[in-house]
Amino acid sequence: MSTGFFSRSVATSFSVWMRRAAVLAVPLVLAACAGSRPLPPAGATDPMAFAPAPLPSSPAFTPNVTDNSRYGEVPDEPFPVKPVNLEKIDSKFLKQVVPNTTGEAPGTIVIDPRERHLYLVQDDGTAIRYGVGVGREGFAWNGTAYIRRKLEWPDWHPPAEMVARDPHARPYANGMPGGPGNPLGARSMALWEGNRDTLFRIHGTVEPYSIGKAVSSGCIRMLNQDVIDLYSRVPLGTKVVVRS
């Protein structure tokens, strides 16, 4: 009788453990654009509680630079960055300077999934606004995080859950090298909450006409020209606020 009681106790404990493990695994299931490889452990000074320094007040826009030039081919990249056909994108999703109405400090990134906009707050009362694509229903994420890793032309490692549900991802179960066909595009910035990788990213895209739409598997996608620009402006430790 004691042996049977012990067996039932072990079985009950194992069942409870499995339920808890399933709850903890939910964020991993939802984050389909993130890599499956572990990132380096946090250093002694991580996580940073704020951006290291405010960004310059000047948005570095040149008055005579047109949208056609801004969204043309990008030079000095290891892979081609194709020009964007601006006739296929609503102009409100193109990069521009707007008054800062976010209420956040200079150097902060603010993402409004409902508006499909990303704001980079400047210290002169303005913000640089970019159009973004966001996660479709059931894959969205919101909260406050910090950029803890930046990569140029990142590899893509779809999680097992995405490989299982998406036949287009299955050929890349072991990873896809960075390049012009990689769904993460030209740049990637990893978002962390404290010492936990959220598995969500701000990244480029090979589908420029998805900008302004809710189509991704959770991450924030940008035109490659825009993500290259944003990448050059924000340091590691930058605060990122994703609104609900």
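The values are calculated or read from the model by the stated rules, or taken from the named source; none is laboratory data. If you're wondering where the values come from, they're calculated on a predicted model, not measured in any experiment. Here the Cβ is made from the backbone with ideal geometry for all residues, glycine too, and neighbour counts use every protein chain on show. Accessible surface is based on the protein model in full, side chains and every heavy atom, while ligands, DNA and RNA are left aside. Shrake-Rupley method; radii C 1.70, N 1.55, O 1.52, S 1.80 Å.
The table that follows gives values for the structure above.
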{"item": "Peptides ranked, highest mean first, by Cβ atoms within 10 Å: ranges 226-238, 183-195", "result": "183-195, 226-238"}
{"item": "Approximate spin-label separation residue 244-residue 232, in nm, with each point projected 7 Å along Cα-to-Cβ", "result": "3.8 nm"}
{"item": "Spin-label pair residue 77/residue 195, simplified geometry with 7 Å Cα→Cβ offset, distance in nm", "result": "3.7 nm"}
{"item": "Neighbour-limited loop hits for GluC sites (Glu not before Pro), segment 75-141 (at most 12 other Cβ within 10 Å; DSSP other than H, G, I, E, B)", "result": "137"}
{"item": "10 Å beta-carbon shell around residue 145, net charge (K/R +1, D/E -1)", "result": "+1"}
{"item": "Cβ-based net charge around residue 130, under 9 Å, with every Lys or Arg adding one and every Asp or Glu removing one", "result": "0"}
{"item": "Accessible surface, 1.4 Å probe, highest first, among residues 88, 239, 95, 82", "result": "82, 88, 239, 95"}
{"item": "Equivalent ellipsoid semi-axes - Cα gyration tensor, segment 136-199, angstrom", "result": "22, 17, 10"}
{"item": "Tail fraction, Cα-Cα pairs, segment 101-176, threshold 16 Å, whole percent", "result": "67 percent"}
